[in-house]
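Trainee: The structure is given below, and queries will be raised subsequently.
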Amino acid sequence: MQQLLSFPGGFMERIFELIDKLEEETCLTREEWVTLLEGRSQEAAEYLFQKARKWQKKYFGNKIYTRGLIEFTNYCKNDCYYCGIRKSNQKAQRYRLSQEEIMECCHVGYELGFRTFVLQGGEDGYFSQKVLEDLVAGIKRQYPDCALTLSIGERSYESYLGFFQAGADRYLLRHETADENHYGTLHPPRLSLENRKRCLFDLKKIGYQTGTGFMVGSPGQTAEQLAVDMMFIRKLEPHMVGIGPFVPHHDTPFAGEPGGTVELTLFLLGLLRIMMPELLLPATTALGTIDPQGREKGILAGANVVMPNLSPTFVRKKYELYDNKICTGDEAAECWDCLSQKMKQIGYELAVGRGDYKEENVCTM
Ligand code: SF4
């Protein structure tokens, strides 16, 4: 703060200047990121969100891309300290969807208008490479006009390549934090940031539309670490970035930790939009969980994607990564209608279509 007060043009001006600089040059130094994040204010956020919406409108109009999420297994061999389905949580009620159940989710989603399915699950050895490749190929055969996204954790290059050749189009793997020490405080020793990054660069190399992301307000997180996250994202150049507030789960080592805030999550969404205007940027369920209007606020801060749940209602509650997750009782159609209404109220509409990332996204500026 002392440092900020010493800027010749004054404190607020410096923050506005940094927002302008990020928009024009699409990158900042680490020190500049920290200054911007620590010096943010309500006025700065409003200035930022206006810019973010300008880019969002230029690339996507008032269309919000939709992805149908199918949470097909909550078994996981990993033990991430923040996660409600970590292997040490004996209280989690485990389930796996059968191939028929997964296909039924796709069927329901397709009828509703979804043209992207996201298969998400813990790192569950029960689903072998062959089983998953067959599943991917089966979905693509049945729904050739749909995009298929996988979100099933860290794998080898060969494994990712196999899924890609079977027809998978996109892959989501949040890095969670790009700071080595912080990574070590959120994950058990067998997981490393180095391997997580290796996975992300492999996915890009293979040709996936690749998504990364991080939790906002995870235990121990500082502005310096967020600066490193933003710089890592700039370097990786992913196609999608999913960020959501950290929400503690009662049966994890972080049960008593404070959660992340809507305010900081929105600010970061706005920064991501002006840094990389063509990014696919979800307004996450976690944001909607800590604020009933969180997803609408996310869209108004620059996000352009929502991911309603297509999982059968009998498993929804069991895929509880964090406490009080919303939409665990609604049928897929209710989720679609509810989100459609919410988007309409703020002047947007749900898009029917694959919603691909396009290098040459039509920009009319
Ligand atoms: S965050 Fe993912 S990898 Fe870690 S325990 Fe949870 S499901 Fe498993």
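The values are calculated or read from the model by the stated rules, or taken from the named source; none is laboratory data. None of these values were measured; they are calculated from a predicted model. Neighbour counts are summed over all protein chains in view; Cβ atoms, including those assigned to glycine, are modelled from backbone coordinates with ideal geometry.
Trainee: Taking helices (runs of 4 or more DSSP H) that do not extend beyond the range 121-190, which have at least 2 residues that are out of contact with any helix residue (DSSP H, G or I) (no Cβ under 7 Å at 6 or more places or on another chain) and closer than 23 Å to residue 86 by Cβ?
Mentor: Details: elements: 129-142, 157-166, 180-186.
Answer list for the range 121-190: 180-186.
Trainee: Sticking with this one: For the range 277-305, enumerate the residues that are under 16 Å from residue 214 (Cα atoms), out of contact with any Gly (no Cβ under 6 Å at 6 or more places or on another chain) and in a loop (DSSP other than H, G, I, E, B).
Mentor: Result: 279, 281, 303.
Trainee: Applying the selection to the range 93-126, what residues are within 21 Å of the chain's Cα centre (by Cα), more than 16 Å from the ligand (Cβ to nearest atom) and either farther than 19 Å from residue 330 by Cα or surrounded by fewer than 17 Cβ atoms within 10 Å (Cβ to Cβ) (or both)?
Mentor: Residues satisfying the conditions are 115, 116.
Trainee: What is the one condition in (1) in contact with a Gly (Cβ under 9 Å, 6 or more places away or on another chain); (2) within 17 Å of residue 67 (Cβ to Cβ); (3) among the hydrophobic types (A, V, I, L, M, F, W, C) that residue 333 does not satisfy?
Mentor: For residue 333, the exception is condition (1).
Trainee: If you check every pair at least six apart or on different chains, which have Cβ atoms under 8 Å apart with a residue in the range 83-95 that is modelled with pLDDT of 95 or more first and a residue that is of a type in the set (A, V, I, L, M) and outside any loop (DSSP other than H, G, I, E, B) second?
Mentor: As it stands, the answer is 95/315, since those pairs meet every condition given.
Trainee: Related question: Of all the residues that make up the range 34-71, how many are within 15 Å of residue 355 (Cα to Cα), in contact with a helix residue (DSSP H, G or I) (Cβ under 7 Å, 6 or more places away or on another chain) and either part of a strand (DSSP E or B) or basic (Lys, Arg) (or both)?
Mentor: 2
Trainee: Using beta carbons and a limit of 7 Å, which pairs, at least six apart or on different chains, have the first residue in the range 141-153 and under 30 Å from residue 193 (Cβ atoms) and the second one more than 16 Å from the ligand (Cβ to nearest atom) and in a helix (DSSP H, G or I)?
Mentor: Correct list of pairs: 148/136; 148/139; 148/140; 150/163.
Trainee: Quick check: anything in the range 134-152 within 22 Å of the chain's Cα centre (by Cα), hydroxyl-bearing (Ser, Thr, Tyr) and within 16 Å of the ligand (Cβ to nearest atom)? So that I can check it myself, show each step before the final result.
Mentor: Going residue by residue through the range 134-152, those that are within 22 Å of the chain's Cα centre (by Cα) are 136, 146-152.
Checking the rest, the ones that are also hydroxyl-bearing (Ser, Thr, Tyr) come to 149, 151.
From the residues that got through so far, the ones that are within 16 Å of the ligand (Cβ to nearest atom) too are 149, 151.
Yes: the range 134-152 contains one or more residues that are within 22 Å of the chain's Cα centre (by Cα), hydroxyl-bearing (Ser, Thr, Tyr) and within 16 Å of the ligand (Cβ to nearest atom).
Trainee: Oh, and also: Taking into account only those residues within the range 72-88 that are within 6 Å of the ligand (Cβ to nearest atom) and hydrophobic (A, V, I, L, M, F, W, C), which is farthest from residue 353 (Cα to Cα)?
Mentor: 80
Trainee: Ok, one more. Given the criterion crowded, with 20+ Cβ neighbours inside 10 Å and either over 17 Å from the mean Cα position of the chain (by Cα) or on the phi > 0 side of the Ramachandran plot (or both), identify the matching residue among 186, 226, 203. Don't jump to the end; show me each part of the working.
Mentor: Values: 226 fails: either over 17 Å from the mean Cα position of the chain (by Cα) or on the phi > 0 side of the Ramachandran plot (or both); 203 fails: either over 17 Å from the mean Cα position of the chain (by Cα) or on the phi > 0 side of the Ramachandran plot (or both).
Sole residue among the options that is crowded, with 20+ Cβ neighbours inside 10 Å and either over 17 Å from the mean Cα position of the chain (by Cα) or on the phi > 0 side of the Ramachandran plot (or both): 186.
Trainee: Here's a follow-up. May I ask you to verify whether residue 26 is crowded, with 19+ Cβ neighbours inside 10 Å and of a type in the set (Val, Ile, Thr)? Steps first, answer last, please.
Mentor: Details: crowded, with 19+ Cβ neighbours inside 10 Å: no; of a type in the set (Val, Ile, Thr): yes.
No; evaluated as a whole, the condition is false for this residue.
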